[in-house]
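This report concerns only the one structure given below.
The values are calculated or read from the model by the stated rules, or taken from the named source; none is laboratory data. This structure is a prediction, so every number in the text was calculated from the model and none was measured. Quick reminder, even Gly has a Cβ in these numbers, built from the backbone with ideal geometry, and neighbours come from all protein chains shown.
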Amino acid sequence: MHKYFMFEDFQTKVELIETVGKFLRKKDIVNETFISALAEREEAFPTGLETAQFVENGVNTAIPHAEIEHCKGDALMFVYNKTAIPWKDMVFKKELDVNFFVFIISASGGSHMLFLPQIIDVLKNVEFQSKLILINSTEELEQLVNEKFGG
């Protein structure tokens, strides 16, 4: 499975989704419908997780994904955003400030569900959260993710 990484400072959810979508289009991993499908799905079924609670000054996470018909392959895209972006919580739909995003791209039906428990376990890990808040570059993000998710 391909993994991609970004360390950015997006100001809005739209900017984040569009930039990630364009990046993935260039990699030929998603269809041209991916950006709009991802935005629509996120409105209907938010993916924010309150993971900041696991460590002092921790960061919240979102796990955006689109339906399989908008994906051409399987990949994970990890984005650390310096500025927190308002994102709705998946359980209570309350607004969270989110800095870390794990985009799941899955063309094979249901395969993303195999990754979800592992992703959530890592996100709740105190050691991972402690290191995540210190990230200052794409390279540092890639190193941390590969250390925790294999790579």
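Computed values, structure above
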{"quantity": "Scope the range 136-151; condition at pLDDT 95 or above and in a loop (DSSP other than H, G, I, E, B); matching residues", "calculated": "Asn136, Ser137"}
{"quantity": "Pairs where the first residue, in the range 14-26, is without any contact (Cβ under 8 Å) to a residue 40 or more places away in the chain and closer than 15 Å to Ile63 by Cα and the second is in a helix (DSSP H, G or I) and among the β-branched types (Val, Ile, Thr), C-beta under 7 Å, 6+ apart", "calculated": "Gly21/Ile35"}
{"quantity": "Only listed residue being hydrophobic (A, V, I, L, M, F, W, C), surrounded by 19 or more Cβ atoms within 10 Å (Cβ to Cβ) and either touching a residue at least 12 places away in the same chain (Cβ under 8 Å) or closer than 18 Å to Asn99 by Cα (or both), chosen from Ile68, Ile29", "calculated": "Ile29"}
{"quantity": "The lone exception for Ala37 - which of (1) more than 14 Å from the chain's Cα centre (by Cα); (2) among the small types (Gly, Ala, Ser); (3) surrounded by fewer than 17 Cβ atoms within 10 Å (Cβ to Cβ) it fails", "calculated": "(3)"}
{"quantity": "Qualifying residue in the range 7-23 (condition: part of a strand (DSSP E or B), within 14 Å of the chain's Cα centre (by Cα) and of a type in the set (Lys, Arg))", "calculated": "no"}
